1. Can you give me the number of residues within the stretch 222-242 that are of a type in the set (D, E, K, R), in contact (Cβ under 8 Å) with a residue 24 or more places away in the chain and surrounded by fewer than 21 Cβ atoms within 10 Å (Cβ to Cβ)?
2. Condition first: in contact with a strand residue (DSSP E or B) (Cβ under 7 Å, 6 or more places away or on another chain), in contact (Cβ under 8 Å) with a residue 40 or more places away in the chain, part of a loop (DSSP other than H, G, I, E, B) and surrounded by 14 or more Cβ atoms within 10 Å (Cβ to Cβ). Can you find one or more residues in the stretch 12-19 that meet it?
3. Please specify each residue of the stretch 92-132 satisfying the condition of being buried (at least 23 other Cβ atoms within 10 Å of the Cβ), of a type outside the set (A, V, I, L, M, F, W, C) and assigned to a loop (DSSP other than H, G, I, E, B).
4. Only residues that are charged (D, E, K, R) and more than 17 Å from Trp128 (Cβ to Cβ): list them for the stretch 18-34, please.
5. Of the conditions (1) exposed (fewer than 12 other Cβ atoms within 10 Å of the Cβ); (2) more than 25 Å from Phe132 (Cβ to Cβ); (3) touching a residue at least 60 places away in the same chain (Cβ under 8 Å), Tyr63 fails just one. Which one is it?
6. If you go through the stretch 133-146 one residue at a time, do you hit one that is assigned to a helix (DSSP H, G or I), of a type outside the set (Phe, Trp, Tyr), surrounded by fewer than 19 Cβ atoms within 10 Å (Cβ to Cβ) and in contact (Cβ under 8 Å) with a residue 24 or more places away in the chain?
7. Taking the stretch 179-210 as the region of interest, how many residues are out of contact with any Asp or Glu (no Cβ under 7 Å at 6 or more places or on another chain), closer than 28 Å to Arg57 by Cβ and part of a strand (DSSP E or B)?
8. Does the stretch 164-184 hold any residues that are surrounded by fewer than 17 Cβ atoms within 10 Å (Cβ to Cβ) and within 20 Å of Thr83 (Cα to Cα), and which are they?
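Please treat every number below as a calculation from the coordinates, not as lab data. It should be emphasised that the depicted structure is a prediction, and the values quoted were computed from it without experimental measurement. Because the Cβ atoms are built from the backbone with ideal geometry, glycine has one as well, and the counts that use them run over all protein chains shown.
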Amino acid sequence: MDPVNEIVINSWSHLCDEVYHNSWQQELGRYRTNFAFRGLSDKNYELRNGFRRNCGRNKELEYHMLRNFRKYSRTTEPALTNTQWRLLVLAQHHGLPTRLLDWTYSPFIAMHFATAITDNFDKDGVIWQVDFVKINQSAPEIFRDALAKEKCNAFTVEMIEELIPDLKSFDELIGDPFAIFFEPPSIDERIVNQYAFFSVISDYYVDFEEILNKNPDYYRKIIIPKELKWEIRDKLDQANINERLLFPGLDGLASWLKRHYLPRS
């Protein structure tokens, strides 16, 4: 990665300034950032999708896993699994390794994920800040045309389904690998509260960092030194950016309480 794109923050206020870097949109007269955010508790973690981390190079395994996920899942809303793209979103949402990467529109939610794993408080964290508008505009023409037609910057599942009906069709696209960002359906409160959306690459085996290496003006990498993690964590908790909000239900409540009352050693 280009070291010029790395920013090491030195305070809470510095972090807040950097995540809103270049957010002023002159044509709108508003502060509306074009960035997607992904927070990781260790700056050395790669932008690698779960399927590649867990299953290696055999992409046929993904088709098998999704087929069985559909077969064995019990949902009262069949529409959530009636296409491969919707099935992919639902599977990713519930922890199945897929080709998707999770992102958020919210820099503060990215801060949460960069500071939520207390076992990694001895490691520097990172917030990836990626211009999803530029990423989507670098996709093939049929994708750019779809965005222009809808006058939007991010895809929806419905838009992708209209262009590429299934994953095999996506895999068979010819040309250099490219990424797109899309918004999932609002399946539940967790997706809504996390202000979530996803990226997917036309070649499931390509890491997102390979896309960024070719386009250094598409991203920034904000490093959170380990010495600042406790302060950031405490301020996020006071702002109600925590597991209780982001994972509604008893599991999220228990996770929040477990971390909130952890003594600082």
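1. 3
2. So far as the stretch 12-19 goes, no, none of its residues is in contact with a strand residue (DSSP E or B) (Cβ under 7 Å, 6 or more places away or on another chain), in contact (Cβ under 8 Å) with a residue 40 or more places away in the chain, part of a loop (DSSP other than H, G, I, E, B) and surrounded by 14 or more Cβ atoms within 10 Å (Cβ to Cβ).
3. Passing the criteria: Thr98, Arg99.
4. At the first step, the residues of the stretch 18-34 found to be charged (D, E, K, R) are 18, 27, 30, 32.
Of everything in the stretch 18-34, those that are charged (D, E, K, R) and more than 17 Å from Trp128 (Cβ to Cβ) turn out to be Glu27, Arg30, Arg32.
5. Against the list (1) exposed (fewer than 12 other Cβ atoms within 10 Å of the Cβ); (2) more than 25 Å from Phe132 (Cβ to Cβ); (3) touching a residue at least 60 places away in the same chain (Cβ under 8 Å), Tyr63 comes up short only on (1).
6. yes
7. 7
8. Filtering the stretch 164-184 down to residues surrounded by fewer than 17 Cβ atoms within 10 Å (Cβ to Cβ) leaves 165-166, 168-169, 171-177.
Pro165, Asp166, Lys168, Ser169, Asp171, Glu172, Leu173 - these are the residues of the stretch 164-184 that are surrounded by fewer than 17 Cβ atoms within 10 Å (Cβ to Cβ) and within 20 Å of Thr83 (Cα to Cα).
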